[in-house]
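Read-outs: derived from the displayed coordinates by stated rules, not from any lab. It should be emphasised that the depicted structure is a prediction, and the values quoted were computed from it without experimental measurement. Heads up, the Cβs are rebuilt from the backbone with ideal geometry, glycines too, and the neighbour counts pull from every protein chain shown.
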Amino acid sequence: MKEVKIYSPATIANLVCGFDVLGLCLKEPCDIMHIKLMDEKKVVIHSADGYNLPSDPAQNTAGAPLLEILAETDLQIGFDVTIEKHIKPGSGIGSSAASAAGAVVAANHLLGNIFSKEDMVRFAMFGEKVASGVKHADNIAPCIYGGITLIRSIFPLDIVAIPAPQMLITVVHPQIEVRTSDARQILRKEVLLKDAIKQWGNVAGLVAGFMKNDYELIGRSLEDVIIEPVRSMLIPGFDEVKKRCKEAGALGGGISGSGPSIFMMSKDEATAKKVELIMQDIYNRIGLPHHTYVTTINNEGVRIVNGEK
Ligand code: HSE
């Protein structure tokens, strides 16, 4: 029987100023998935964790992309998927994308690599539609490509890999749940021209900073005048985390995806660890349980651990 085990990593969408267009792949944490080919044309989902995610494949973020693959091809096979989640759903670090992208990369491997990376992103976005009601690729694309990706357009798909210098990423996940669909609904539907000008200046500055290895420019560009002022109200301690971490030497950061996780980028490990202590201090004082990670950029994306058995 053909089966594969994969590690599917967490991702940070938006990267502060790049709402829906920029994303970054993290080394840790990762979901573990086992996928087997079946003779029958159907998708079966098993959960090997306590998260109670939907087992109906059409409602599951890993199942929906696989059903789409079966619908679009004349393959007479099916997929049996076991998901062991380590990326908590609703954490803002791409939990739904990890399931969706992981399932598609594993399926592609089992089918003999018949799809391009862009095809895989397109299929995996069906999982995001299940999770948040909208297709967006700023978690899916970095999860599949690795590194930092710019999603210049999703219809049609146009994904650009952005080279970046070594950076440490500190993430704090305060244990409250923010649903992406809710966090999108509260956003204003129109923006002022003066804010748009600042925002696209920052997006261009951030991409240029990554490509030129210019840490100062990266830091100056990590500013969001459109989304963060609205969404940060959902995250206790947000302003203090940002202010104190930057004072401690972080380049900058903000809400990870739609929150509640907050991330900070640092040039070196000592600063990233100092930032972690500050985050822990703030949430201990507020009395909010939390997890922290100090990790780096993952340039590989979804990793295939073993092949055919
Ligand atoms: N770009 C999306 C949003 C990412 O911020 O709504 C959600 O993970």
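Miscellaneous remarks
- According to the Kirkwood relation over distinct C-alpha pairs, the hydrodynamic radius of segment 1-132 is 14.6 Å.
- Under the Debye formula (equal points on every Cα, no solvent term), log10 I(q)/I(0) of segment 168-296 at q = 0.23 Å⁻¹: -1.38
- Our summary gives segment 168-296 a relative contact order of 41 percent, counting only alpha carbon pairs under 8 angstrom and 6 or more residues apart.
- Listed by Cβ neighbour count within 10 Å, with the fewest neighbours leading, VAL105, VAL294 appear as VAL294, VAL105.
- Contact order relative to length of segment 14-122, as percent, for alpha carbon pairs under 8 angstrom and 6 or more apart: 30 percent
- Rounded to 5, percent antiparallel among DSSP beta bridges of segment 1-147: 75 percent
- In segment 50-100, Rg over Rh equals 1.01, where Rg is the alpha-carbon radius of gyration and Rh the Kirkwood radius from pairwise Cα distances.
- Per the Debye calculation on segment 1-77 with a single equal scatterer at every Cα and no solvent contribution, log₁₀ I(q)/I(0) for q = 0.13, 0.27 Å⁻¹ amounts to -0.55, -1.25.
- For segment 46-86 versus segment 251-309, the gap between their alpha-carbon centres in whole angstrom: 28 Å
- The chain: calculated mean residue ellipticity at 222 nm from DSSP helix runs of at least 4, using -39500 (n - 2.57): -11000 deg cm²/dmol
- Partners for LYS129 among lysines (Cα-Cα distance below 29 Å; same-chain residues under 8 apart left out): LYS2, LYS5, LYS27, LYS36, LYS41, LYS42, LYS85, LYS88, LYS117, LYS189
- Against the main long axis of the alpha-carbon atoms of the chain, helix 269-286 sits at an angle near 90°.
- Where N is the number of residues in the chain, Cα Rg divided by 2.2 N^0.38 Å: 0.97
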